[in-house]
Every structure is written in C-alpha cells, then in structure tokens.
Amino acid sequence: MPQHPRLRSREVIEGIDRYVHRALFKCSGFTDEDLSKPLVAVVNSWNELVPGHIHLNMLSQHVKRGILEAQGTPIEFNTIALCDGIAMGHEGVKMSLPSRELIADSIEIMIEGHMFDGMVCISTCDKINPGMLMAAARLDIPTIMAPGGAMYPACPGWGYYKGQKITVGQLFEVPGLLEAGKVTPEEAAYLEEITLTGPGACGGLYTATTTQALIEALGMTLPYMGTTPAVDAAKIRLCHDIGRQVMTLISKDIRPSQIMTREAFENAITVDMALGGSTNTILHLKAAANELGIDLPLELFDEVSRRTPHLCNMSPGGTYKIVDLHRAGGVPAVLKQLGELIHGDLPTVSGKTIKEIAESARVSDDVIRSRRSPVHREGGLAILKGSLAPGGAVLKVSAVNPKMYRFKGPARVFDSEEEVVSAIREGKISKGDFIVIRYEGPKGGPGMREMLMATAMLSGMGLDESVALVTDGRFSGATRGPCIGHVSPEALEGGPIAVVRDGDPILMEVSSRRLELEISRDELQKRLQSWRPPERKARRGYLSRYSKLVTSADRGAVFT
C-alpha cells in the first residue's frame with residue numbers, strides 16, 4: 001500500500017478510544033481493510049431535479065472506481081443544488097446566490113465532522129461550482145474538482161431553429177418574441193420541446209460553463225475536464241482519472257492553497273476575459289479567493305480586462321457554444337493562445353504545470369482566435385465607476401453591441417424586477433430609456449436576484465440595442481445587451497442608486513469606464529441625507545439571516 005503522511009482520518013479510526021467509531025463505520029458496511037486506507041469524500045450535488053446534475057450519480061461511480069484502484073476508500077455524500085433556470089423570474093431566484101454559502105458550509109460540516117483525508121467535488125451549475133470551490137479553499141485538504149460538463153446544444157435535424165443552434169438563452173427570450181409578434185404560439189411550443197437536450201449545464205457560455213472553465217484555468221481539475229460535454233465518454237474516463245489522481249495528491253499532501261495562489265486567480269481572470277464569461281464570475285472568484293485570504297479588488301479585474309484580448313465569440317454575445325469551444329481545444333488551447341499573458345510555471349492538480357498543459361494543446365483558431373485577430377481588443381468584462389456606483393459595477397462588454405458602448409438616457413426607476421417586466425409588457429419602456437432596478441442587491445433582495453426575465457424580454461422585443469439597464473442585482477450569464485449589474489453600494493445600504501428619480505440623466509461610457517448619475521453633487525448629497533432605508537423584505541428564515549450577514553457585491557457577496 002502507498003505510504004501517506006499522517007492521515008486526518010486516523011483521529012477517528014485508530015486507538016482504544018475509537019471502538020464505537022469503528023463500529024459505526026462497520027454499520028455502514030465498511031471493513032477493517034477499508035478503514036486502514038485514506039478516507040476520501042466524494043461530494044456530489046446529484047439530484048432528480050436539476051438537468052445539470054441528473055447524470056452526476058453515474059460520474060461518481062467512476063470517480064469511486066479510480067479511488068478504489070489507487071488504494072483509497074471512497075465515501076459519497078450529497079449537498080444541495082438549485083437550478084437557476086427553474087428559479088428564474090420569481091421569488092425562488094432569491095435563494096440562488098445564498099445557496100452558494102450554504103453549499104460551502106454544508107461541505108465543511110461533513111468534512112470536518114468526519115475528518116476526511118481528501119475529497120473530490122462533483123458539481124455542474126451556477127452556485128454549486130463556486131460553493132464547492134469555496135469549500136475546497138476553506139478546508140485545504142487534498143482536493144480535485146470534477147465539473148459535470150454542459151449539455152449538447154440542439155443538433156441538426158432536431159433542435160435547429162431558422163438555421164441556429166439554440167440553447168437556454170434564446171428560450172428565455174421567447175416571451176418577448178411573442179409579445180413583439182416575432183414568433184407564433186406554435187413556434188414557441190416547438191422551441192420549448194427541442195431546445196434543451198438532456199443532462200448537463202446549459203450549453204452557452206453562461207455562469208455554469210464559465211465557472212467550470214475557470215476551475216480548470218485555476219488548476220483545480222484535470223485538463224479538458226472544464227469543457228468536456230456531460231454525456232461524452234471522455235467525461236467518464238476523466239472522472240476515473242480524477243479518482244486515481246486525488247490519491248496522488250493525498251500521498252504528496254498537495255493542497256488547494258498550493259494550487260490556488262494569487263497568480264492562479266490572475267490566470268483564471270485572464271481566461272475569463274478571453275472567453276467573455278459571465279459577470280457572476282467576479283463574485284465567485286472573489287469569494288473563493290477570500291477563503292484563502294487573497295484579495296482580488298475590482299480594479300484587478302479591469303486591469304486584466306484592459307490587457308487581455310477577447311478571443312472567443314461565445315453565446316450569448318456570439319454564436320459558439322461550449323461544445324464548440326471544447327472541440328476547438330478547450331481551456332488548454334485558450335491558455336496557449338494567451339501565451340505570456342498567463343503565469344505558466346504554476347502547478348495544477350494534474351501534476352503538470354499550466355505551461356506544460358498549454359504547450360500540448362491543439363488549437364482551432366476559428367473558434368479560439370489568436371491575439372493578432374481577436375473578437376475585441378480588450379476582455380469581455382468591464383468595471384464601471386462613477387457617481388451612480390462609487391464602489392463599482394460590472395458590464396459584460398462582450399455581449400453589447402459596440403454602438404451602445406456610450407449611452408445616455410433618462411432614468412426609469414423600479415424597485416423590483418417584476419415591476420420592470422410588467423412595464424415592458426405594457427409598452428411603457430421607450431427607446432432611449434435607462435432602466436434602473438434597485439433594492440435587488442445582496443441585502444436588499446435579499447439574495448441579489450438575476451434580472452434575466454427583464455433583460456430577455458428587452459432582447460426578445462428588440463430593445464437591447466436602444467435601452468440600457470442598471471441594477472444593484474445581478475444578471476444571468478445568458479443576458480445580453482447594455483446591462484450593468486452589481487452596483488455598489490447597493491440601494492439598501494444607502495448607495496446613490498437608492499435616490500435616483502425618474503427622468504434623471506444617466507451616462508454609461510465603456511471607454512472611460514464611467515457610470516454617472518448626472519445631477520449636481522449638492523442635489524445628490526441632499527437626497528442621500530434625506531433617504532431612509534425601507535423595511536427589510538425577509539423577516540424570517542434563511543434569507544433573513546443571509547441579509548444580515550452578507551457583504552456587498554464589490555466584496556464578492558460573502559459572509560462577514
């Protein structure tokens with residue numbers, strides 16, 4: 001049997017004080033031989049509800065097979081997983097971002113309560129990927145992440161619509177398309193039947209697939225695991241390899257803190273900008289780094305974006321899906337194209353350095369462009385600041401038509417997403433308006449809801465190139481158009497967004513990274529001094545506790 005450093009699990013297993021502990025393990029079917037080996041947690045977010053997770057019970061079998069072959073004892077347990085798509089557009093989505101902290105906490109409880117020696121985290125969707133990554137950073141025991149992959153997009157002959165491969169982003173725009181008379185009820189029903197194809201995360205470069213790619217860029221999973229489709233046979237083989245490799249990490253005592261350094265996070269940010277990923281990744285990278293005591297200020301994201309070309313024209317802003325990225329070479333190919341913009345000498349859980357992984361990659365440069373011919377000269381995300389967002393705000397530039405890079409319009413102010421959706425349906429939003437949605441931040445929502453129903457309605461009705469939107473909430477990775485989120489300070493904390501009035505001019509300018517409420521400084525101060533916070537929306541339950549503990553978006557919306 002391989003030699004290992006002193007194992008944490010021996011505190012639970014060995015000695016004359018542990019007869020009852022061993023007996024309890026044996027009640028679950030474990031033998032003395034099993035207990036003599038490293039105990040490896042297989043943390044699984046499988047459930048019967050979320051499409052991104054319905055196949056993870058199969059993947060876990062292959063992870064466990066690898067652990068067994070490498071002389072470990074795998075022990076599987078589950079954590080929660082929420083489907084952002086099902087939760088979207090109603091009160092349920094308030095639970096989405098808060099679930100990230102609950103996932104990390106629940107894993108901590110199980111790992112520390114039972115003193116596991118290492119773990120493999122099998123996850124797929126928006127808050128589960130970062131929640132598990134946060135747990136890995138916090139616990140700092142040998143760990144490999146096993147992202148579950150994306151579903152295949154609708155395919156030729158089944159799921160093409162008017163010549164396009166379609167995914168969930170387009171499906172969310174159907175209500176707006178119906179309102180505008182651009183599709184018939186029969187076409188809408190057809191799209192409902194054929195758009196989503198089976199197991200895996202949604203197939204564009206949305207939050208789930210972006211975070212899977214960034215887990216790989218961080219070095220926390222094996223090469224190609226971040227983009228391999230959910231039902232591809234390669235995913236099974238990689239999961240088997242992960243099971244074996246985590247035993248190597250345990251034997252060498254290689255921990256997440258040795259992999260997830262500040263330079264590794266800079267690599268992940270660089271890959272994020274090259275891909276044009278979801279705005280939510282800023283929250284999640286900051287949250288994971290925070291667990292390791294690493295500060296990633298918003299200014300760093302903007303600095304990296306300024307120097308990193310946008311190389312991949314991915315959906316929702318572009319045409320390519322995550323399967324196209326994978327077939328073009330995946331994350332290793334992106335790293336290769338980025339060249340010296342990446343810290344290459346960093347270790348990964350695979351045993352190879354980032355540079356070694358990049359050098360072995362094959363690149364299809366029709367999907368992953370070279371730095372000489374990028375989609376855009378700068379990265380996919382921009383940090384805006386100004387009198388409306390003194391603490392910062394986030395814009396996904398890669399999903400905005402360049403003609404909207406500078407936009408000024410009168411404010412149309414709403415205190416919830418539902419109010420906006422109703423106004424759009426009733427034709428009360430006009431070209432040139434600057435929509436403001438407030439009291440949807442981490443504390444104010446509470447839960448920092450995604451505004452996808454509003455943004456998808458605007459896109460479906462053809463207003464995404466003539467109307468801008470700003471909020472202290474956040475957006476789905478599927479959002480496109482000039483939509484600015486994460487405004488800090490949020491309205492409930494007395495940020496300037498709380499005192500915007502209908503008709504106030506608002507200016508957004510990408511080149512100067514400005515977001516200005518164009519009223520006089522004296523007027524702004526007068527309004528802020530007279531502002532009083534409204535009553536909190538959540539008075540009991542998890543959201544009530546969450547709203548009291550959570551920090552602002554510019555700090556990653558983490559618990560204090």
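The values are calculated or read from the model by the stated rules, or taken from the named source; none is laboratory data. These numbers come from a predicted model, not from an experiment. Glycine gets a Cβ as well: all are built from the backbone with ideal geometry, and neighbour counts include every protein chain shown. Accessible surface is based on the protein model in full, side chains and every heavy atom, while ligands, DNA and RNA are left aside. Shrake-Rupley method; radii C 1.70, N 1.55, O 1.52, S 1.80 Å.
What shape does the range 226-283 take by its C-alpha gyration tensor, where a ≥ b ≥ c are the square roots of the eigenvalues and a/c under 1.5 counts as rounded, a/b above b/c as prolate, and the rest as oblate? Oblate is the answer for the range 226-283, as a/c is 1.5 or above yet b/c matches or exceeds a/b.
Relative to the current alpha-carbon distance between residue 182 and residue 6, full extension at 0.36 nm per residue lengthens the span by 56.8 nm. Computed over the range 450-498, the range of Cα coordinates on each principal axis works out to 33, 20, 12 Å, biggest value leading. Sorted largest first by accessible area at a 1.4 angstrom probe radius, with every protein chain in place, the residues 376, 114, 240 fall in the order 114, 376, 240. Heavy-atom accessible surface of the range 464-560, averaged per residue, reaches 43 Å², computed with a 1.4 Å probe. For the pair the range 290-308 / the range 49-72, the C-alpha centres are spaced 33 Å from each other.
How would you classify the range 433-526 from its alpha-carbon gyration tensor, with a ≥ b ≥ c the square roots of the eigenvalues: rounded for a/c under 1.5, else prolate if a/b is greater than b/c, otherwise oblate? Oblate shape, in that a/c is at least 1.5 and b/c is the bigger or equal ratio.
Our estimate of slack between residue 248 and residue 48, defined as 0.36 nm per intervening residue step minus the Cα-Cα distance, is 68.8 nm.
Please work out which option in [x] 30.0; [y] 25.2; [z] 23.9 gives Kirkwood radius over Cα pairs in Å calculated from these coordinates, and answer with its label. Label [z] holds the value from this structure. Estimated at 0.36 nm per residue, the fully extended path between residue 14 and residue 36 surpasses their Cα-Cα distance by 7.0 nm.
Solvent exposure of the range 193-251, expressed per residue, is 23 Å² of accessible area, with all protein chains present and a 1.4 angstrom probe.
Among 49-61, 538-550, sorting by the average number of other beta carbon atoms lying within 10 angstrom of each residue, highest first, gives 49-61, 538-550. Using the Cβ-Cβ distance between residue 234 and residue 319 with R0 set to 25 Å, the FRET efficiency from 1/(1 + (r/R0)^6) comes to roughly 0.55. A convex hull fitted to the Cα coordinates of the range 16-128 yields 111 cubic angstrom per residue. Within the range 391-532, DSSP assigns beta bridges of which about 50% are antiparallel (rounded to the nearest 5). Over the C-alpha atoms of the range 360-483, the Rg to Rh ratio, Rh being the Kirkwood estimate, stands at 1.03. With a 1.4 Å probe and every protein chain kept in, tell me what percent of the accessible surface of the range 161-311 is carbon plus sulfur. Ligands and nucleic acids excluded, carbon and sulfur give 51 percent.
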